[in-house]
């Protein structure tokens, strides 16, 4: 079932493109191109933002958040 979902997600852009080509015979409108450019810029921004996320250093383990003396101690990395 998972492979079917992956296949559907892979083929979805091609199906949308085919429908778009059949519906819009004279080409894309300026508004559509501008919207696509804005979405691609937003996607690039999000990808750059997510790539800046700091991962745990090699050789460390994650210690989850816990309650200690009635206060929440944040999760952190601890050396192995």
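No value in this document is a laboratory result; all are computed from the given coordinates. A quick note: this is a predicted structure, and the numbers were derived from the prediction, not measured. For neighbour counting, all protein chains shown are included, and Cβ atoms are generated from backbone atoms with ideal geometry for every residue, glycine included.
Computed from Cα positions, the angle between helix 2-23 and the longest principal axis of the chain comes to roughly 30 degrees. For the chain, relative contact order (Cα pairs under 8 Å, six or more residues apart, normalised by length) works out to 16 percent. Computed per residue of the chain from DSSP H runs no shorter than four, each worth -39500 (n - 2.57), the mean residue ellipticity at 222 nm is -19000 deg cm²/dmol. The GNM of the chain, with springs linking C-alpha atoms under 10 angstrom apart, assigns the highest mean-square fluctuation among 26, 53, 69 to 69. By the count of other C-beta atoms within 10 Å, a proxy for reagent exposure, 60, 29 are ordered fewest to most as 29, 60.
The alpha carbon radius of gyration of the chain, expressed as a multiple of 2.2 N^0.38 Å, is 1.95.
Suppose R0 equals 22 Å; then what is the FRET efficiency for residue 53 and residue 74 from their Cβ-Cβ distance, rounded to the nearest 0.05? In this case the efficiency is close to 0.85. Report the residue, chosen from 27, 59, 45, that carries the largest GNM mean-square fluctuation when the chain is represented by alpha-carbon nodes joined by springs under 10 Å. In the Gaussian network model the winner is 59.
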